[in-house]
Amino acid sequence: MKTSTKGLVVALAAGAMLVASCATPSAESEGDASSEAVASAEEAPEEEAPEEEAPEEEAAVAGPTTGTTDDLLPDITSLCGDQEMVVALADGFGGNSWRKITRAEFEDEAAKCPNITKVLYTDGQADPQKAIADMNGLVAQGANVIITFADASEALLPAVKAATEAGVAVVPYVAGPGGTAGEDYAGFVAEDVNAYGKALAEWTIKQMGGEGNLVMLGGTAGNGYSQAVFDGVLEAVDANQGVTLLNRDEGFAVTNWEPGETQKVVAGLITKYGDIDGIVSDYGGGSVGGIRAFQAAGKPIPPWSANDSNEFACLWYENKGADNPNYEIATISSRTWISRVALRRAVAAFQGIDNPEPSIISLPLSEDSTEEDAPAPVCNEDLPPDGILSSQLTPDQLTALFQ
């Protein structure tokens, strides 16, 4: 079945845990309110009136810390406010299809606010020093709002704090710079990354029959997002003693989120370990290179889980069958729309408008080739291979983006 899909996936079961990563900031400060000390007994009657106003203070809280896609606003229009503003995306690395689509979603969302006078973009090129310089440069150019994928992790925090002190509403998304959301920067938004890694690993381990050799593929070296995914994978592996995570000691395999580099890395892993019975990846678009590495080595493709990508699904349809008897795939939304959520939170903070959206979003499996009653992998041959069908861009926008 090859059909296109639109819209966001629905939420997974309640109770998903928050991201656990040293580079992923705590969202606990968003919406926290501290109680004031009680006055002396003699003064108590005079203090009763302020006590009655507490519910009004709670009503101004920015919204729940965790939630689902059902809790998201349809768009930014209710948060635009009246003040003119310059908005920017400071990307720590812009060199793959996911980043390209995420930027396009950010720009598409920004176009809905008539009081946004300029939209800026920088690409840190996976260089922490350039990412720091980019952040400082955007402040110097008069940016009022900055969203950022903090590939540089904690190294970016001083620049983020300086921007915040200069009055800029900064909101990191997916990968944070450490520090505390609501204090060091306006907020933080992401999917529940740890739960994402754990869910994909549990699915993969199930397809492996609960035993064998597993590998986790990440992105750029040292990035907090891949580390959080890796931590979730470790939880699933530790609950299944028959499974060996081959790169447990080294950490996630560094692929730079590029298909060509992923093919080289996976080819090296095949040479080093021989038998690999399952793959968990934090990037479906890069995984296509890893699949080609198995094909080039004459090895059967193992069960593979990642986030959704058009070509990732198409390759499954092309290669499933007798030559690859264990080859199944599952995905979770690539949530390229997260840049929209980050922009909405940052704009609301700058405009002084309450944003009711959650900051951590729980996501379920969105495709599963093994379950008849689950959504099947979606391959749309009319769209570019690099397309991500869970994007909120239209098919025409995706096509134009990759021309």
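Every number in this text was worked out from the coordinates using simple rules, so none of it is lab data. Please read these numbers as outputs of a predicted model, since none were measured by experiment. Glycine also receives a Cβ, built like all others from the backbone with ideal geometry; neighbour counts cover every protein chain displayed.
Determine, for each peptide in 184-191, 371-378, the mean count of other beta carbons within 10 angstrom over its residues, then list the peptides with the highest first.
The most tightly packed comes first, giving 184-191, 371-378.
Need the C-alpha centroid separation for region 242-261 versus region 367-398, integer Å.
Comparing the Cα centres of region 242-261 and region 367-398, I get a distance of 25 Å.
Mind listing the phi-derived Karplus ³J(HN,Hα) values for region 297-310, rounded to whole Hz, using 6.51, -1.76 and 1.60 with θ = phi - 60°, and x for any glycine or proline?
Once rounded to whole Hz, the list reads 7, x, 9, x, 6, x, x, 9, 10, 6, 9, 6, 7, 4.
Return the long-range amide H neighbours of Ala126 (sequence gap of 5 or more, or a different chain), with a cut-off of under 5 Å between placed amide H atoms.
Phe93, Gly94
Going highest first, how would you order 325-332, 266-273, 339-346 by mean Cβ packing within 10 Å?
The densest-packed peptide leads the list: 339-346, 325-332, 266-273.
Through the Karplus equation 6.51 cos²θ - 1.76 cosθ + 1.60, θ set to phi - 60°, convert the phi angles of region 397-403 into ³J(HN,Hα) values in whole Hz; use x for Gly and Pro.
Along region 397-403, the couplings run 5, 4, 4, 5, 5, 9, 6 Hz.
Scan around Thr255 for amide H atoms under 5 Å from its own, H built in the peptide plane at 1.01 Å from N, and keep only partners 5 or more places away or cross-chain.
Long-range HN contacts for Thr255: Gly218, Gly219.
Does a label point 7 Å from the Cα of Asn326, set along Cα-to-beta-carbon, have any residues of region 356-399 with amide nitrogen under 20 Å, and which are they?
Correct set: 368-371.
Per residue of region 362-375, what does 6.51 cos²θ - 1.76 cosθ + 1.60 with θ = phi - 60° give for ³J(HN,Hα)? Whole Hz please, x for Gly and Pro, Karplus curve as stated.
Taking θ as phi minus 60°, the curve returns 7, 10, x, 4, 9, 9, 8, 6, 9, 10, 5, 8, 9, x Hz for region 362-375.
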